Amino acid sequence: MGSFFAIFAHQIINQQNMKKILVLVCTVTFLFSFSQKTMNSVEYKSSSKVFNIKGLSQSVSIDCGSSKMILLSGQVPLDPEGNLVGNTVEDQTRQIFRNIENILRAYGGTGKDIIKMGIFVTDISKVSDFRKVRDEYINLENPPVSSLVEVNKLFKEGVLIEVEVTAVIKNK
């Protein structure tokens, strides 16, 4: 008689556990399906205020729900007509950040929204000239994570610096 009650009690416990497991699986599936719906929106943009190089997008936006992540192609010191601007790292950096600002504005952001920066320079001893201009545009309280690489040459003769950035902008 004791084993009958043990089997009966075991079945009740298993049924209760199965209900708990079923509720857990349904809850996780529900939450996962809604979280994925906020991550599938990707938008490519180009600004008419920045020279558009054929064969690449200036930027892409990924909707992350309450904000969007913006990835920019490497920005070089070209004006909207494609002319090289400046012959010093400082002058070229200023044009690059004008380009970055113009692209980020199209998404409702500014340089203060930059979270990651990749800097490519042909002369690493000029990095202080870069920083002087960069500091006018970024959030100095929480500066972006960065990588700095010295390269032998960039895509066009006379280009001394290229900067690529990632920004996160809150959705409005």
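Of the residues Glu136, Glu150, Glu101, Glu141, only one is of a type in the set (Asp, Glu) and free of Cβ contacts under 8 Å to residues at least 24 places away in the same chain; which? Let's see the steps before the verdict.
Values: Glu136 fails: free of Cβ contacts under 8 Å to residues at least 24 places away in the same chain; Glu150 fails: free of Cβ contacts under 8 Å to residues at least 24 places away in the same chain; Glu101 fails: free of Cβ contacts under 8 Å to residues at least 24 places away in the same chain.
Residue meeting the stated conditions: Glu141.
May I ask you to verify whether Gln15 is modelled with pLDDT of 55 or more, open to solvent by 80 Å² or more (accessible area, probe 1.4 Å) and part of a helix (DSSP H, G or I)?
The answer is yes for Gln15.
Given (1) among the small types (Gly, Ala, Ser); (2) closer than 19 Å to Asn171 by Cα; (3) touching a residue at least 24 places away in the same chain (Cβ under 8 Å), identify the lone condition not met by Ser47.
The number of the failed condition is (2).
For the range 106-136, name all the residues that are assigned to a helix (DSSP H, G or I), over 18 Å from Ser73 (Cβ atoms) and small (Gly, Ala, Ser).
Within the range 106-136, Ser125, Ser128 qualify.
Give me a count of the residues in the range 39-69 that are within 15 Å of Arg105 (Cβ to Cβ), of a type in the set (Ser, Thr, Tyr) and in a loop (DSSP other than H, G, I, E, B).
So the answer is 3.
Considering Asp91, Asp123, which residue is touching a Pro at 6+ places or on another chain (Cβ under 9 Å) and modelled with pLDDT of 95 or more?
Numbers: Asp123 fails: touching a Pro at 6+ places or on another chain (Cβ under 9 Å).
One residue alone meets the criteria, Asp91.
Can you name the number of the only condition in (1) modelled with pLDDT of 60 or more; (2) basic (Lys, Arg); (3) open to solvent by 90 Å² or more (accessible area, probe 1.4 Å) that Lys68 fails?
Of everything listed in (1) modelled with pLDDT of 60 or more; (2) basic (Lys, Arg); (3) open to solvent by 90 Å² or more (accessible area, probe 1.4 Å), Lys68 misses just condition (3).
Regarding the range 24-31, can at least one residue be identified that is open to solvent by 50 Å² or more (accessible area, probe 1.4 Å), at pLDDT 60 or above and part of a helix (DSSP H, G or I)?
As a first pass, look at the range 24-31 and keep what is open to solvent by 50 Å² or more (accessible area, probe 1.4 Å): 24-31.
Right, trim to at pLDDT 60 or above and you get none.
No, the range 24-31 contains no residue that is open to solvent by 50 Å² or more (accessible area, probe 1.4 Å), at pLDDT 60 or above and part of a helix (DSSP H, G or I).
May I ask you to list the residues in the range 71-96 that are buried (at least 16 other Cβ atoms within 10 Å of the Cβ), touching a residue at least 60 places away in the same chain (Cβ under 8 Å) and not in a loop (DSSP other than H, G, I, E, B)?
Leu72, Gln75, Leu84, Val89, Gln92, Thr93, Ile96 - these are the residues of the range 71-96 that are buried (at least 16 other Cβ atoms within 10 Å of the Cβ), touching a residue at least 60 places away in the same chain (Cβ under 8 Å) and not in a loop (DSSP other than H, G, I, E, B).
The values are calculated or read from the model by the stated rules, or taken from the named source; none is laboratory data. Predicted model only: the values in this text are computed from it and were never measured. A quick note on method: Cβ atoms are made from the backbone with ideal geometry, for glycine too, and the neighbour counts reach across all protein chains shown. Areas reflect the complete protein model, heavy atoms only, side chains present, ligands, DNA and RNA absent. Shrake-Rupley method; radii C 1.70, N 1.55, O 1.52, S 1.80 Å.
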